[in-house]
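Some notes on the structure that comes next.
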Amino acid sequence: MTATADDVVANIPDDPYDDANLTDPYPLYARMRDAGPAVWLEKYQVHAFTRFQQCREILADHETFISGAGVGPRNYHHQPPWRPAGILDSDPPMHTPLRTAMAGVITPRNVRALRTVFQEYAERLVDEILDRGEFDAVTEMAELFPVEVFGNAVGIPREGRAENLLPHGAMNFSAFGPEDARHDEYFAQGEGTVEWVMSNCARERLSPGGLGAKIWEYADEGVITSDEATRLVRALLSAGVDTTVFAIGNTMKCLVASPAEWANLHKNPSLARFAIDEALRHESPFQSFFRTTAREVDFHGVHLPEDTKIALFMGAANRDPRRFGDAADEYRLARDASGHLAFGMGIHQCVGQPISRLEMEVLFTELARRVRAVEPAGEPVPFLHNSLRGWKHLPVRVTAA
Ligand code: OVM
């Protein structure tokens, strides 16, 4: 079934996925939020949700709004996924053992053990940044950090990481948005990376003691099958790189645009985690995806037939003044950004977030301590993508403390 436009829902003729709106989505997001709890995206023939309350309710109700038909516009009930479904695009009961194994591997204890090596790399990276004075905060910081420390944590070979993981992520995340020319381009650029990623999901390729090897222990115990273990390592390598790369770049972007907030952070580096959370809210790396109705449902005045795709814009929900106040469009270190939807909500809420948060906290605490001031050193270049939001280049000048 597909939904149809109706009288109660405002029609939006605009395309959130065109170049202009991907470059600056926020004016359109504001119009969509103000037009009602749901809007009709004419171009995609789909209802879209941009307010905090409705996005949160949809994410929390995984029985009505399922993931197993895919979290992009493609409905797996009618069209096969581009690759076999995994933890993200599944529902209970299939989802449950996958989540159990993943949560059993990404424990507070296992994550805490990563801090020292994250810290060592952060110190080296900040040494280099300060030596240089001017640097690209994306290619010379944001992209390097997760590729190095998260790659090591999972336990994959260093050789080939950057060339494969970044284009692989951009390709995979493209499937969470419309299958347009941009999607096809990222798929073309990702060619060959699937083979590299899948070969490194095999148990014999993963270094002992790493997160990947720990996932395989759940296969030994019979909690998951070998196929499922392979797909969980695939999920680590699919979800754990680009998202954190963009989160680091976006946090830097927010702080470079707010010299006063950098000064506050420098004065008190223990505020790093608030700077990061507010950046996750203000410029969410993962902006939008889809759910599918498991049954006919009336939701905030919208009638949705069974097996209907709906679009969720978490990037808009996280700017909703109904939740975050009149200054929701501003980046404020002092704000309580908690509860934002950048990591989702409910049974699919990002299971890897403590690793991502630790990476960022370590890096930004080190930067905050040793860098007195940051300023733009050139025009940033946006990275246009159908579900991710971030920067391709972000030239920054730093002054040592
Ligand atoms: C994947 C995947 C898994 C979990 C999360 C995610 C947030 C992607 O395997 O593609 O994106």
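Coordinate-derived values only; no laboratory data. Bear in mind the structure is a predicted one, so any value in this text is a computation, not a measurement. Virtual Cβ from ideal backbone geometry, glycine too; neighbours counted across all protein chains shown.
According to the square roots a ≥ b ≥ c of the eigenvalues of the Cα gyration tensor, what is the shape class of the stretch 226-327, taking rounded for a/c under 1.5, prolate for a/b larger than b/c otherwise, and oblate for the remainder? Working shown, then result.
Working: a/c = 3.57, a/b = 1.43, b/c = 2.50.
The shape class here is oblate.
Listed from fewest to most Cβ neighbours within 10 Å, the set Lys392, Lys267 follows the order Lys267, Lys392.
Over all directions, the projected convex hull of the C-alpha atoms in the stretch 162-261 averages 8.9 nm² in area.
Between the stretch 238-315 and the stretch 192-210, the C-alpha centres lie 29 angstrom from each other.
Give me the dipole magnitude in Debye, nearest 20, for the stretch 98-236 about the Cα centre, with unit charges on the beta carbon: positive for Lys and Arg, negative for Asp and Glu.
Details: 14 positive and 24 negative charges, 156 e Å.
That gives the stretch 98-236 a dipole magnitude of about 760 debye.
Each of Pro92, Ile58, Thr107 was placed along the dipole of the chain (beta-carbon charges, centred on the mean Cα), and the one lying farthest toward the positive end is Thr107.
Counting lysine pairs in the chain that sit 8 or more residues apart in sequence, or on different chains, and whose Cα atoms lie under 30 Å apart gives 5.
Could you tell me whether the stretch 63-149 comes out rounded, prolate or oblate from its Cα gyration tensor? Rule is a ≥ b ≥ c as square roots of the eigenvalues, rounded for a/c under 1.5, then prolate if a/b exceeds b/c, otherwise oblate. Before the final figure, lay out each step's value.
Working: a/c = 4.56, a/b = 1.90, b/c = 2.39.
Judged from the Cα gyration tensor, the stretch 63-149 comes out oblate (a/c at least 1.5, b/c at or above a/b).
Taking the Cα centre as origin and putting +1 on Lys and Arg beta-carbons and -1 on Asp and Glu beta-carbons, what dipole magnitude results for the stretch 198-289, to the nearest 20 debye? The calculated dipole for the stretch 198-289 is roughly 280 debye.
Each listed q (0.15, 0.19, 0.24, 0.28 Å⁻¹) maps to a log10 I(q)/I(0) for the stretch 239-291, found by the Debye formula over equal Cα scatterers with no solvent: -0.43, -0.64, -0.91, -1.10. Overall, the chain carries a charge dipole of about 1120 debye about its Cα centre when +1 sits on the Cβ of Lys and Arg and -1 on the Cβ of Asp and Glu, all other atoms neutral.
Rounded to the nearest 500 deg cm²/dmol, what is the calculated helix-only ellipticity per residue at 222 nm for the chain, with -39500 (n - 2.57) per DSSP H run of length n ≥ 4? Could you put the intermediate results ahead of the total?
Working: 18 runs with 176 residues, N = 401.
That calculation yields -13000 deg cm²/dmol at 222 nm.
Counting every pair of alpha carbons in the chain, the share spaced more than 42 Å apart comes to 10 percent.
With the Cα gyration tensor of the stretch 268-377 giving a ≥ b ≥ c as the square roots of its eigenvalues, does the rule (a/c under 1.5 for rounded; else a/b larger than b/c for prolate; else oblate) give rounded, prolate or oblate? Prolate, since a/c reaches 1.5 and a/b exceeds b/c.
So for the chain, taking the charge dipole from beta-carbon charges (+1 Lys/Arg, -1 Asp/Glu), which of Gly249, Val9, Ala181 sits furthest toward the positive end? Highest projection toward the positive end goes to Gly249. Applying a DSSP loop filter and a limit of 14 other Cβ atoms within 10 Å to the GluC sites (Glu not before Pro) in the stretch 81-163 leaves Glu159.
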